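Chemist: Provided herewith is a single structure, encoded as structure tokens, for subsequent inquiry.
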Amino acid sequence: MALSKDFKETIQLRARRDAAFRKALLQEGIECLLAGEIDTGKAVLRDYINATIGFEELSKVFEKSSKSLMRMFGPKGNPQASNLFAVISYLQEQEGVHLEVKARRVA
């Protein structure tokens, strides 16, 4: 399901003014990836990137085209683990957070 332009703009506006929302968005994207919900995780991270630093800025950091990075987080994107984790690490650094994985037994 494609998101409407208004919805995406709403996400961007809230992310710009609400640090807790930005952190939650980043965390949700990573948790989705870890849970095997790859398409959802990439979509959430794409929204996070669009709402924060943008793909143009990210392309300068990683010396990759913005189109290539957009494809990486797109529905058909299949990023290499090294690229994905490098971007996640950078996003955490920019947000000033360090997300951790904690193991717990599932019933």
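The values are calculated or read from the model by the stated rules, or taken from the named source; none is laboratory data. Keep in mind the model is a prediction, meaning the values are calculated, not measured. Glycine also receives a Cβ, built like all others from the backbone with ideal geometry; neighbour counts cover every protein chain displayed.
Chemist: In the set Ala19, Ala15, Ala86, which member is at pLDDT below 95, surrounded by fewer than 18 Cβ atoms within 10 Å (Cβ to Cβ) and among the small types (Gly, Ala, Ser)?
Modeler: After ruling out the rest, the residue left standing is Ala19.
Chemist: While we're here: Yes or no: segment 49-57 includes at least one residue that is among the acidic types (Asp, Glu) and either within 19 Å of Cys32 (Cα to Cα) or not in a helix (DSSP H, G or I) (or both).
Modeler: no
Chemist: Which of the residues spanning segment 7-38 are basic (Lys, Arg) and touching a residue at least 60 places away in the same chain (Cβ under 8 Å)?
Modeler: Arg22, Lys23
Chemist: List the residue pairs whose Cβ atoms are under 6 Å apart, where the first residue sits in segment 39-62 and is in contact (Cβ under 8 Å) with a residue 12 or more places away in the chain, the second is assigned to a loop (DSSP other than H, G, I, E, B) and not small (Gly, Ala, Ser), and the two are 6 or more positions apart or on different chains.
Modeler: Note: pairs meeting the criteria are Lys42/Phe73; Leu45/Phe73; Arg46/Phe73.
Chemist: Would you pick out the residues in segment 1-57 that are among the aromatic types (Phe, Trp, Tyr) and under 14 Å from the mean Cα position of the chain (by Cα)?
Modeler: Phe21, Tyr48, Phe55
Chemist: What are the residues in segment 61-83 that are surrounded by 12 or more Cβ atoms within 10 Å (Cβ to Cβ) and either in contact with a strand residue (DSSP E or B) (Cβ under 7 Å, 6 or more places away or on another chain) or part of a helix (DSSP H, G or I) (or both), if any?
Modeler: Listed by number, the residues that qualify are Val61, Phe62, Ser66, Ser68, Leu69, Met70, Arg71, Met72, Asn83.
Chemist: What is the one condition in (1) in a loop (DSSP other than H, G, I, E, B); (2) within 30 Å of Ala103 (Cα to Cα) that Gly41 does not satisfy?
Modeler: (1)
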